[in-house]
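One structure is given below, encoded as structure tokens.
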Amino acid sequence: MREKPKYPPPTLRDKHRYIAFQVIGERPFRKDEVKRAIWEASLSTLGVLGSARAKPWFIKFDEKSGTGIVRVDRKHVEEFRLALTLVTDINGSRAIFRTLGVSGTMKRLKKKFLTEYGWR
Amino acid sequence: MREKPKYPPPTLRDKHRYIAFQVIGERPFRKDEVKRAIWEASLSTLGVLGSARAKPWFIKFDEKSGTGIVRVDRKHVEEFRLALTLVTDINGSRAIFRTLGVSGTMKRLKKKFLTEYGWR
Amino acid sequence: MGEVSFSRDHFVEMDVRSGEAYDLANEWFDEVVFTKKLVLEESPDWASLREELRELRGSYGRVALLVVTKKPSLIREVRKRNLNALLYVQGGDMRINRFALENGVDALLNPWLGRKDPGFDHVLARIAARKGVAIGFSLSPLLNASPYERVQLLRFMAKAWRLVDKYSVPRFITSSAETRWEVRSPRDLMSLGINLGMGMPQAKASLNFHPRRILSRLEK
Amino acid sequence: MGEVSFSRDHFVEMDVRSGEAYDLANEWFDEVVFTKKLVLEESPDWASLREELRELRGSYGRVALLVVTKKPSLIREVRKRNLNALLYVQGGDMRINRFALENGVDALLNPWLGRKDPGFDHVLARIAARKGVAIGFSLSPLLNASPYERVQLLRFMAKAWRLVDKYSVPRFITSSAETRWEVRSPRDLMSLGINLGMGMPQAKASLNFHPRRILSRLEK
């Protein structure tokens, strides 16, 4: 018997956007630190309710280039971008989130905004 | 020379709602504790951005009857009510916020929802 | 302007789980259902369960039995007995979620409980609608959750609501209070529904129309 | 789908206050204005100020002088000198806010700074529009604020934006970075504007059209 709900039909599917970002910091950051910082940024700026609506989802972070991908609900991209803009530190060390671009698919996002950082 | 901005013209005025609430707690609470709890509830559930939109403003709390008034932006009454609903304690002691009613004016709010608690 | 008073409405709290929670809910609601929570690993002693429910009915009037189990067969067993109580099933396990719906219990509470997804999909929504099984949306898991968990719960509940709405599944909003500190007023529980995506009439119906229709089964 | 690349746009950072902030902003913007912040309690030594600004122009190209003062008369004094730099005034004091606007400085930065209100109203908005004085919306006070203060700042900035919009006052969004850690990219500063209530074109104009129009005064 199946242990997971079925993927919803098109009309009920969430509409996502993928955001490419770069982290500039006073030291390199680990993936788990960046993931936590994104969550804390969302909770601080959007709160529990705003985060439930924006549905931020950490996808990837490449520690070498300091770039990564996060997914959010299409209608809340700008709110979430502000949450990242207001970040001043990651795990106690000074840092800046810079968003590189937004796309409806991972493939296009990587191609347009992350190839210059070595992503394929 | 005036030291405060002028009251804005009607089209730019914020549209408020006044919410009457009751606090049920394992002990009586002071006004400043309730005020702080309301702020924390707003920040936790609505975040910095949601709170800037909801503009919660603590107005009064009567320590004897455990009832009070808070003002919020008209478009965010339900979000703010959820924030109060999710409160589980005030300053470390268990508590419940119960909203008694909402009105566009303080006068009507008191008359309809607070007279039974001794407000005039 | 001004909000109408809700005194003319008839609000039902479908799930409180202790005497103190019942007493507080009783001040704020027109009707309150007392829930006996039963964790089952094997068949219960039917005679003593029947006796306990009889006593609870004496104290609280309307009574529900909430079955918490990993074994679908136990749900069927309880279902077959006529216990004169509403039958709720605690959601979370996908097999239990489905089995409860297919067996036509009165309500499946929080199919997303302890999961990383809503535990509910369009297939289950169709079954729930066909069998007339209500989905219960409880506040208490939110109250006891960390901020991170609150976000996930709200997401899953909002998703489940969209399916419940689309397939016209019966539903109710409840505190599912274990203690009096988890009880909330009807209007405050409505605000939860509204923030999950319900319109005002839908939120109200989740504390009024749908609960009353379920309660009418007890009165037969 | 997909967001257009902004490379064809011409974005201006109107206010950074250190060399390291300038260097980082220069990577992300097409033009950057270096701001010399000057706290004034009495008339400055004009010769040495002129010399300092000349040197800064040599290093950074475009330069602004930010006057921080309690004395309106000092704004007029600075205004009268031809320093070949943009003239910004730090807002916060209502008399200074008004005086800066009436004296037609290039920009009044953050009239809400340190206040419990926006420090800006429809009377001041009309003066700003008539005199062509821009209102500067800075990110950095937000970065350095507690959550409570962030809420207040966002409220006042949103309120000021509604007035700026209604009365067509020139404006810009800037980091006002003192250190490189306060610098943000044009697109991220736009998100601040959008969350204050700006439409996408208005947010973009606040980093492009309006700043460029102000810069053109320097080129005369």
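The values are calculated or read from the model by the stated rules, or taken from the named source; none is laboratory data. From a predicted model like this one, the values you see are computed outputs, not experimental measurements. We place every Cβ from the backbone using ideal geometry, glycine too, and count neighbours over all the protein chains shown. When the accessible area is computed, the model is the full protein with side chains, heavy atoms only, and any ligands, DNA or RNA have been set aside. Shrake-Rupley method; radii C 1.70, N 1.55, O 1.52, S 1.80 Å.
Observations on the structure shown:
- Per-residue packing, averaged as other Cβ atoms within 10 Å, sorts the ranges C:62-70, D:74-82, B:107-115 into the order C:62-70, B:107-115, D:74-82, beginning with the highest.
- The protein assembly as shown - share of DSSP beta bridges that are antiparallel (%, nearest 5): 45
- For the chain pair B and C, the buried solvent-accessible surface (1.4 Å probe, both sides summed) amounts to about 2100 Å².
- Summed residue charge, Cβ within 10 Å of D:Leu40's Cβ, Lys/Arg positive, Asp/Glu negative: -1
- Distances in nm from C:Thr179 to the matching label points in the other copies, shortest first (labels 7 Å along Cα to Cβ): 4.4
- For the residue pairs B:Lys4/B:Lys110; B:Lys4/D:Lys70; A:Lys15/B:Lys15; B:Lys35/C:Lys204; B:Lys6/B:Lys60, the C-alpha atoms sit more than 22 angstrom apart in B:Lys4/B:Lys110; A:Lys15/B:Lys15; B:Lys35/C:Lys204; B:Lys6/B:Lys60.
- Residues D:Lys37 and A:Thr115, FRET efficiency given R0 of 30 Å [Cβ-Cβ distance, rounded to 0.05]: 0.15
- Sorted from closest to farthest, the other copies place their A:Ser65 label points 6.4 nm away, with each point set 7 Å from Cα along Cα→Cβ.
- Buried accessible surface for the A/B chain pair comes to about 700 Å², total over both chains, computed with a 1.4 Å probe.
- For chain A, the mean residue ellipticity at 222 nm estimated from helices alone is -9500 deg cm²/dmol, where every DSSP H run of n ≥ 4 contributes -39500 (n - 2.57) and the total is divided by all residues, rounded to the nearest 500.
- Surface analysis of segment B:16-114 yields an accessible area of 39 Å² per residue, using protein heavy atoms and a 1.4 Å probe.
- Probe 1.4 Å, protein heavy atoms only - accessible area per residue of chain D in square angstrom: 39
- Over segment C:1-95, Cα pairs under 8 Å with separation of 6+ residues give a relative contact order of 24 percent.
- Using R0 = 60 Å, the C-beta based FRET efficiency linking D:Tyr167 and C:Lys166 works out to 0.85.
- 32 Å tail of the calculated P(r), the protein assembly as shown, as % of Cα pairs: 57
- For segment D:164-184 versus segment C:9-79, the gap between their alpha-carbon centres in whole angstrom: 60
- Most fluctuating residue given options D:Ser168, D:Ser176, D:Ser48, as computed from a GNM of chain D linking Cα atoms under 10 Å: D:Ser48
- A simple count of charges around A:Glu116, restricted to other residues whose Cβ falls under 13 Å of its Cβ and scoring Lys, Arg +1 and Asp, Glu -1, yields +3.
- Within the accessible surface of the protein assembly as shown, defined with a 1.4 Å probe on protein heavy atoms only, the carbon and sulfur portion equals 47 percent.
- Residues of type aspartates and glutamates that D:Lys159 reaches as a straight line, Cα spacing below 15 Å, ignoring anything fewer than 8 places off in the same chain: B:Asp14, B:Asp73, D:Asp117, D:Asp121
- Local charge for C:Glu31 was computed over the other residues whose Cβ lies under 11 Å away, with Lys and Arg +1 and Asp and Glu -1, and equals 0.
- Whole-percent P(r), segment C:12-216, all Cα pairs, 10 Å bins from 0: 9, 38, 39, 13, 0.
- Take each residue of peptide D:183-194, count the partner chain Cβ atoms within 10 Å of its Cβ, and average: the result is 5.
- Rounded to 0.05, the FRET efficiency of the D:Glu55 and D:Asp23 pair, given R0 = 22 Å and the Cβ-Cβ distance, is 0.85.
- Label geometry 7 Å along the beta-carbon vector: D:Asp165 inter-copy distances in nm: 2.6
- Mean Cα-pair separation over length for chain C, i.e. relative contact order, pairs under 8 Å, 6 or more apart, %: 22
- Within segment C:74-99: backbone nitrogen closer than 16 Å to the C:Trp46 label point (7 Å, Cα to C-beta): C:74-85
- Largest GNM mean-square fluctuation among A:Ala54, A:Ala95, A:Ala41, using chain A with Cα springs under 10 Å: A:Ala95.
- For segment A:16-114, the relative contact order comes to 44 percent (Cα pairs under 8 Å, sequence separation of at least 6).
- The helix-based estimate of mean residue ellipticity at 222 nm for chain C, built from -39,500 (n - 2.57) per DSSP H run of four or more residues and divided by its residue count, is -14000 deg cm²/dmol to the nearest 500.
- Two numbers describe the Cα atoms of segment A:16-114: Rg and Dmax, which are 12.3, 34 Å.
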